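Enquirer: Starting off with a structure, shown below.
The numbers here are math on the coordinates, done by the rules we state, and not lab data. Bear in mind the structure is a predicted one, so any value in this text is a computation, not a measurement. No Cβ is skipped: glycine too gets one built from the backbone with ideal geometry, and neighbour counts run over all protein chains shown.
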Amino acid sequence: MYSNLKIDDAKASSSARQERNFSLENTVKEVSLGLEFNFFDFNLHNLDFKMTPYVHTGLSYFWYDSMYFVNGQPRKDDLEGALAIPITLGFKMRIGYSWVLGVESGVRYTFVDDLDGSNPKKDRYQHLSFGNINSNDWYVFSGFTLTYTFGKNPCYCPL
């Protein structure tokens, strides 16, 4: 997955964050491996209409720009990589012989706190830290998926 994260204090509900008025954009590129649990039978080889809600979790690795602020202006440091735990809820349905349409939203708990520039990694920037430095960052992916499936139907017939 690829996403452009946007942080904008002007849209915050907290008046202190609105007054601070920081904003930045950061790009996230992610690969993920995990398990999906379908709540209903979703056998793609059965020609009947199929749909199911599902949950997904696993482990993700993502790349991003380490960020920090100087005089209210965002600065990029190095390209970094880190682990995250995805937690996804979705709904999918079979729309053709080999096609599946889905809608999902997933949060990612990261093991870093510099996606939003609040807690720079490098010691030389530590004096620029602000906010809650005792919690890591989260980000969210939401969207539609269109999946094409291929392969032969399994045969459980005796030979």
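Enquirer: Counting other C-beta atoms within 10 Å, which of Glu30, Glu19 has the fewest, and how do the rest follow?
Expert: Exposure proxy ranking, most exposed first: Glu19, Glu30.
Enquirer: At a 10 Å Cβ-Cβ cut-off, how would you order Lys122, Lys50, fewest neighbours first? If you can, show how the numbers build up before the last one.
Expert: Numbers: Lys122 12, Lys50 17.
Fewest-to-most Cβ neighbours within 10 Å comes out as Lys122, Lys50.
Enquirer: While we're on this one: Can you check what the net charge comes to around Asp114, using other residues whose Cβ is under 14 Å from the Cβ of Asp114 (Lys, Arg +1; Asp, Glu -1)? Spell out each step's value before the answer.
Expert: Details: positive: Arg75, Lys76, Lys121, Lys122, Arg124; negative: Asp65, Asp77, Asp78, Glu80, Asp113, Asp116, Asp123, Asp137.
Within the 14 Å Cβ shell, the charges total -3.
Enquirer: Enumerate the residues in the stretch 82-103 having an amide nitrogen under 19 Å from the point lying 7 Å beyond the Cα of Phe42 toward its Cβ.
Expert: 86-103
Enquirer: Considering the dipole of the stretch 1-50 built from charges on the beta carbon (Lys and Arg +1, Asp and Glu -1) around the Cα centre, which of Phe49, Ser23, Gly34 is farthest to its positive end?
Expert: Ser23
Enquirer: For the chain, compute the number of Lys pairs whose alpha carbons are separated by less than 15 Å, excluding pairs fewer than 8 positions apart on the same chain. Before the final figure, lay out each step's value.
Expert: Numbers: Lys6/Lys29; Lys6/Lys76; Lys50/Lys92; Lys76/Lys121; Lys76/Lys122.
Pairs that pass both the separation and distance tests number 5.
Enquirer: While we're looking at this one, here's another question. Just order 106-113, 2-9 by mean Cβ neighbour count inside 10 Å, highest at the front, would you? It would help to have the intermediate numbers written out before the result.
Expert: Details: 106-113: 17.2, 2-9: 13.9.
My ranking of the peptides, most packed first, is 106-113, 2-9.
Enquirer: Using the basic label-point model (7 angstrom from Cα toward the beta carbon), what is the Arg75 to Glu19 distance in nanometres?
Expert: Spacing of the two 7 Å Cα→Cβ label points: 2.6 nm.
Enquirer: Beyond 24 Å, what share of the Cα-Cα pairs of the chain is found? Please give it as a whole percent. Don't jump to the answer; show the numbers that get you there.
Expert: Working: 6079 of 12561 pairs.
Distances greater than 24 Å cover 48 percent of the Cα pairs.
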